[in-house]
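Colleague: Sharing a structure with you now.
Laboratory data are not the source of any read-out in this text; all were calculated from the coordinates shown. All values derive from a computational prediction rather than experimental measurement. Cβ atoms come from the backbone with ideal geometry, glycine included; neighbour counts cover every protein chain shown.
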Amino acid sequence: LFALTETSVWPLAGLSHALATLGVEPRSAIFVLLELGLLALDTTPDLRTIDDFPARIDQGPMHLLQLRAHPAVPQAVRVSRPDGKLTPAANDVGQIRESDGLEPILRLAAIWQRVGIEPLRQTGQGALYKRDLERIEEDPVLSGAISDALEPLAAMSLLWLSLARRVGLIHPDAASERLEAAAPAFWIDNAVHLPQMIATNWMGLREWQEWENSPDENPEVRLPLMFLRPAVLLWLACLQDDEWVALDDLAQQLRTMNPEWDRPSLRSDPEAAAGAGRRGGGPRARNGSQSARPARGERLLRLLLLGSGYAMGLVRTGEEQRTGRTVVQLTPLGRYVLAMGPPPPPHPRFEHFLFVQPNFEIIAYRQGLSPQLVGQLSRFAWWTKIGAALELRLSQESIVLGLEGGQTPEQMLEILTRHSQRPLPTLVPDAIGRWTSRRERIIFYAAATLIEFASLAERDQALAAWQEDDFKTFVPVADRFLLVESPQQIPTDRISTRGSRDYRHLPEKCVSIKPDGVTLELDPTRSDLLIDAELSRIADELPTARNPSRGMASGTPSRRYSVSAGSLARAIALGISPGQIVEWFLRRTGAPPSPAIRLLFKSTSSTPIALKARRMLVLFTPTAELADGLLQHPATRDFLGDRLGPMAVAVPEDLLEKLQGVLKELGLEVVPS
């Protein structure tokens, strides 16, 4: 088990569970290996010597104890089949299905690209930050359903991330708490062996399990199915190459070896574990009755074999004729991973499987792909859809990613040309050449100071005057900034600083809303480098107006922006929601959006808003108290409509004469306006 999973540590409870399912008495087998020094039990924090292994294990808790194998053990052992025989299916098998084994490779390629563009940040405890976790979980390429799946996989984004870390496609950065993508050379060195690497690491995967826990479930009380992956595959290896076994027969065999093989917890007390599993919503039937055990066991096997095992390319499935039962057997890859068969033969491929379109989208058919080709395409084409047919896209960012990985434009075009069914559209080579020529060189400054000017002209005026001393000192950045690597080189005697900004602090409120409700004015003394980009997403800059008598001789420009229906529509097209715009106003102006801007929100809504107009008579009173009395008095209130203001009340036209009569009795008279 240590050798199959290529892991040096197994939980004692998980190892015991797997051994019992294989028909091995766990305690005696483990104690012998402990006495021989081939296994070691995790020591106590005070590093005391353990003289009595049975006593130490009995102290428990068993599900928290860890066993470590001697480093030489996994390489020195020979994998053997369990002592027993499965009952093969007696009837012929039809409707045979087998995956192409590309699904995990494609998903790992996609997550490698995404982490390569933006590494994942980790907390000190090794968990991902919420934003980074949501970015992975909400990516449709990573979390989308598998097109030919027989059973759905839980938490697929976590599965691909965990597998990518175990095979080395993603690794922690030694200098920071981040997860980074491996170098592109990984695909050259490991693509041939990647299916075996993925399958082996899936058998030893602990960070993910086939059954998704309910949110309130204790993480220590979880389904131990993850520890049964190698054990169940070893039982399938007992079959001949042309034999099949039904899932219910396999479940019965496992129950014969270990009556609690399908228990929902690793805790030592099976009944307590069963209760925890029922409370957590696990696969055990709600009433916990023994009559539900066969169905539960078969359900677990479906998750393990028809779910992840099928997706990894280790298991093929079929339907037994006459009975209709689901049957399974190992694929050549499955036997090879268990060291019980030769390397699997390569799948038949066809050379021309790409359709390169003028809009830079690429359609790829799985029948032509291999792990090596997946790696080659992943280096310069972005995966946008993984299904029965695959979609990639060429962009300036993806081409730059390929260039940084050591590929040349000629190599990229050669791959596309060799595997395309048609000649490449002329736009594609032109775009790749253009993007290559525009590749930007990035200069890294360990520390720098940015000086912001009120306008481009003032920046250029200062640059011309200051470069007389050293033209390399000041670097123009964007339209209004100069970068200075050393603050000592800033000619402070020539400038008047109106403000400074420490970006370790929260953004300042530097925007005010003018009385018209749609004009925003920027305070240059409190602004920062981010405010221009933020404002340009939701508003349009107005022509510059200058305030003379301040700043340079030409006056200080007053920068104003206008919010319009068009600018808000542009923001929504960029993915900015109205809620985010409201949050920006609170953060940058200290107040919510004005009513005029909220009115513009309505104009950008896809739901039309109907406004009603009608003529009405309005009764004006000299005081608010008189209006209050008319609305309250039983003789007059029935002839009045809505109150329009402190001293204004609407009057229905057909009730005006009756109202005049009542008012006359009260000594009041309506005078026409």
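Colleague: Given only helices, namely DSSP H runs of n ≥ 4 each adding -39500 (n - 2.57), what is the per-residue ellipticity at 222 nm of the chain, to the nearest 500 deg cm²/dmol?
Modeller: Estimated from H runs of four or more residues: -10000 deg cm²/dmol.
Colleague: With an 8 Å Cα cut-off and a minimum separation of 6 or more residues, compute the relative contact order for the chain in percent.
Modeller: The value is 10 percent.
Colleague: Starting from the stretch 307-349, pick out the trypsin sites (Lys or Arg not before Pro) whose DSSP state is loop and whose Cβ has at most 15 other Cβ atoms within 10 Å.
Modeller: When the trypsin sites (Lys or Arg not before Pro) of the stretch 307-349 are filtered for loop state and at most 15 Cβ neighbours within 10 Å, Arg322, Arg349 remain.
Colleague: Remind me, relative contact order of the stretch 354-437 in percent, using alpha carbon pairs under 8 angstrom and six or more residues apart?
Modeller: Normalised by residue count, the contact order of the stretch 354-437 is 34 percent.
Colleague: For P(r) over Cα pairs in 20 Å bins from 0, in percent, one of (i) 13, 32, 27, 19, 8, 1; (ii) 15, 30, 16, 16, 17, 6, 1; (iii) 15, 27, 14, 12, 15, 13, 4, 0 was computed from the structure I shared and the rest are decoys. Which label?
Modeller: Only one option fits the structure, namely (i).
Colleague: Calculate, for Ala448 and Leu64, the FRET efficiency according to 1/(1 + (r/R0)^6) with r their C-beta to C-beta distance and R0 41 Å; round to the nearest 0.05.
Modeller: For Ala448 and Leu64, the calculated efficiency is 0.20.
Colleague: Among Met312, Ala174, Ala185, which residue has its Cα positioned farthest towards the positive end of the charge dipole of the chain, with +1 placed on the Cβ of Lys and Arg, -1 on the Cβ of Asp and Glu, and the dipole taken about the Cα centre?
Modeller: About the Cα centre, the residue reaching furthest to the positive side is Met312.
Colleague: Next question, about the same structure. Take Val73 and Ile576, extend 7 Å from each Cα along the Cα→Cβ direction, and tell me the distance between the two endpoints in nm.
Modeller: My value for the distance between the label points is 6.0 nm.
Colleague: How big is the convex hull of the Cα atoms of the stretch 82-222, per residue, in Å³?
Modeller: 183 Å³
Colleague: How far apart, in nm, are two points set 7 Å out from the Cα along the Cα-to-Cβ line at Thr323 and at Ala175?
Modeller: 6.1 nm
Colleague: Treat the count of other C-beta atoms within 10 Å as a stand-in for reagent exposure and order Ile363, Ile111 from fewest to most. Present the calculation step by step, with values, prior to reporting the outcome.
Modeller: Working: Ile363 15, Ile111 24.
Neighbour counts put them in this order, fewest first: Ile363, Ile111.
Colleague: Binned at 5 Å from 0, what are the whole-percent values of the Cα-Cα distance distribution for the stretch 354-437, short to long?
Modeller: 3, 15, 30, 29, 17, 5, 1, 0
Colleague: May I pose another question? Local charge sum around Leu542 (other residues, Cβ-Cβ under 11 Å, Lys/Arg +1, Asp/Glu -1)? Mind showing how you got there, number by number?
Modeller: Details: positive: Lys514, Arg559, Arg560; negative: Glu521, Asp540, Glu541.
Neighbourhood net charge equals 0.
Colleague: Give the range of the longest stretch in the chain that excludes all chymotrypsin sites (Phe, Trp or Tyr not before Pro) found in loop regions by DSSP and having at most 14 other beta-carbon atoms within 10 Å. Display every interim value, and only then the final one.
Modeller: Numbers: sites that count: Tyr129, Phe350, Phe444, Tyr445, Phe471, Tyr503.
That gives 130-349 as the longest site-free run.
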